[in-house]
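FYI, it's all coordinate maths here, none of it is from the lab. A quick note: this is a predicted structure, and the numbers were derived from the prediction, not measured. Glycine gets a Cβ as well: all are built from the backbone with ideal geometry, and neighbour counts include every protein chain shown.
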Amino acid sequence: MCNNGLCFYRVGGPLFFANVDKFVDQLYSDVFRPSDVKQPTTVSVVVSDELNVEMKELHSSKVIDGVEYRDVQNTALNEVHEISYQNDMTEEDVVVQRLDVGSIRVVVLDCSKVTFVDSMAAAALQKVSTAYQNVGIQLVVSGCGVNMSAMMVAACLLDNIKMYPTVHDAVMAVG
């Protein structure tokens, strides 16, 4: 359930190696899948004259499947040349998609039903948190029992994921 930028997701039971992938897939399908946000990607190859390599001077270019290919002529390398790949997303497209994502600011996991968490689940929570942070969404957990709290402390998850005693406390804190 989402309201005013807050999404609430109740975890229905233990999180461990046998069900953690299902949990992550279900969370992403029910709330938001971070990989759906396309961000511009630029990959550059830089060759410098310090390598004593002959570089070819840029002559013409063509684009195939979003990759720019440049024809070149043989010349001595006197400067740094950069060849870039950039997908077809513009900054405006990213802003529009972030506005769509912008309706979600925080995902609150209600873990009051979680009785057991293993190290694979802790690693999965870390990955989910990082994926959400990369698209501007904060992940917080609430209602954690003693076992889950201990695992989060042991796995050093509290550096990236905030933990609150109740859903109400989480809402008041991230509000």
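If you add up the charges near Leu6, with Lys and Arg at +1 and Asp and Glu at -1, over every other residue whose beta carbon is less than 14 angstrom from its beta carbon, what do you get? Before the final figure, lay out each step's value.
Numbers: positive: Arg10, Arg105, Lys162; negative: Asp110, Asp169.
Result for the neighbourhood of Leu6: +1.
Where does each of 15-22, 139-146 land if you order them by average Cβ count within 10 Å, highest first? Mind dumping the intermediate values first?
On the way: 15-22: 14.6, 139-146: 19.1.
Listed from highest to lowest mean packing, they are 139-146, 15-22.
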